[in-house]
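Novice: Handing you a structure now.
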Amino acid sequence: MNIGDKVRLVHGREEGVIYAFLPGNVVEIEIEDGFRIPVLRNEIVTISPMESQRMVKAGDLQKIASQSDKIVSRSPVFAEKGIYLAFASINDRALTAYLINNTDWTLPFSATALDESVPNGLAGGVLQPRSSHKLSELLMKDFESWPVFEFKILYYREGKHILPQPLFKKMKCRAQSFYKSKGQAPVLGREAFVYQLDEENLKKEEPASNPDFSQNLRTSLMGGAEIEKNIPEKPALEKPENVIDLHIEKIKKDFSGLSNDEMLKIQLTTFENSLERAVANGMEEITFIHGSGSGVLRTELHRRLSKNQHVQYYKDAQKEKFGYGATLVKIK
């Protein structure tokens, strides 16, 4: 099972989409109208893409029997998550890299390999729902010199919808996490080394927002050298410091008018951005100073770290200096 797969409860009529995997062999399912319910993994079964998603509303059966043969159907649940990079074996020496769309979104995209910061276009186009696109072939003997993979992805669906933020992702394969990522690849239907790209990219935004990103991606997809001359090159993600202080006074000069919730949001945004830049730049570890006050920030950091696929482990850091006020994050 993978995030984005459509499933049905074994002992019920509910159908939905896998939203997240939780501790204790629990799966979070998003059912109709956006409601999410936790269920045990052995209490659900996957639904074939060809299987009908129609569900008859309770209470309509009598109307069907007495008045007509009309069946009232529900709208199928829309799968929002499930974008993957997969490496499938050709033989014992070579792999094929695929970009996989296991969602119901249509995805305009570009994929680039960065070798010593020199971009090499792999593919660009539109990835249809429940489909894959071959990117390149790679040799296992060259694993340590594989490039950084960079993806720029937009979301599209016909009609009026609030779209997720465009996905901008850089990823460097590391041996320790690579061999642990083996599993069934969605859409491909076979074993591969699989990385999820959209694990934390569910924040919605209005379609007109972030015009710079959209313009740059459109240029990348068109491949027009003349157009690119007029667009400033977007800088690579800057490498963060080894130690990030999340105390609000270190992040924002004037915070006197902010509520506790607003300050926490700023701190978490700084944390997420710093961690993303650390992963993109191949850092092995990074330390976050969060203090030892109420513990709200520390608890939320640890919750997010426990779900991040790029984190090998995390622990209290530098106890002799910070007590329990800092967390060391080991990156895969």
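The values are calculated or read from the model by the stated rules, or taken from the named source; none is laboratory data. Every value quoted in this text rests on a predicted model; they were computed, and no experiment measured them. Because the Cβ atoms are built from the backbone with ideal geometry, glycine has one as well, and the counts that use them run over all protein chains shown. Ligands, DNA and RNA are excluded from the accessible area calculation, which covers all protein heavy atoms including side chains. Shrake-Rupley method; radii C 1.70, N 1.55, O 1.52, S 1.80 Å.
Novice: Name every residue in region 97-106 that is open to solvent by less than 10 Å² (accessible area, probe 1.4 Å) and part of a strand (DSSP E or B), in order of residue number.
Specialist: 97, 99, 100, 101
Novice: Still on this structure, please answer the following. Out of all the residues in region 245-267, which are among the hydrophobic types (A, V, I, L, M, F, W, C) and part of a helix (DSSP H, G or I)?
Specialist: Correct list: 248, 251, 263, 264, 266.
Novice: Please go through region 278-301 and give me each residue that is modelled with pLDDT of 85 or more, open to solvent by less than 60 Å² (accessible area, probe 1.4 Å) and part of a helix (DSSP H, G or I), ordered by number.
Specialist: 278, 279, 297, 300, 301
Novice: Pull out all pairs, ordered by first then second residue, where Cβ-Cβ is under 8 Å, the residues are six or more apart or on different chains, the first lies in region 244-260 and is free of Cβ contacts under 8 Å to residues at least 40 places away in the same chain, and the second is open to solvent by 70 Å² or more (accessible area, probe 1.4 Å).
Specialist: Cβ pairs passing all conditions: 255/249; 258/252.
Novice: Can you tell me which residue in region 107-118 is modelled with the lowest pLDDT, limited to those that are out of contact with any Lys or Arg (no Cβ under 9 Å at 6 or more places or on another chain) and open to solvent by less than 20 Å² (accessible area, probe 1.4 Å)?
Specialist: Filtering region 107-118 for residues that are out of contact with any Lys or Arg (no Cβ under 9 Å at 6 or more places or on another chain) and open to solvent by less than 20 Å² (accessible area, probe 1.4 Å), the one modelled with the lowest pLDDT comes out as 113.
Novice: Filtering region 132-147 down to residues that are in a strand (DSSP E or B) and open to solvent by less than 30 Å² (accessible area, probe 1.4 Å), which residue is farthest from residue 107 (Cα to Cα)?
Specialist: Filtering first and then ranking leaves 138.
Novice: Scan region 6-22 residue by residue and report those that are open to solvent by 30 Å² or more (accessible area, probe 1.4 Å), in contact (Cβ under 8 Å) with a residue 40 or more places away in the chain and either touching a Lys or Arg at 6+ places or on another chain (Cβ under 9 Å) or not in a strand (DSSP E or B) (or both).
Specialist: 13, 19
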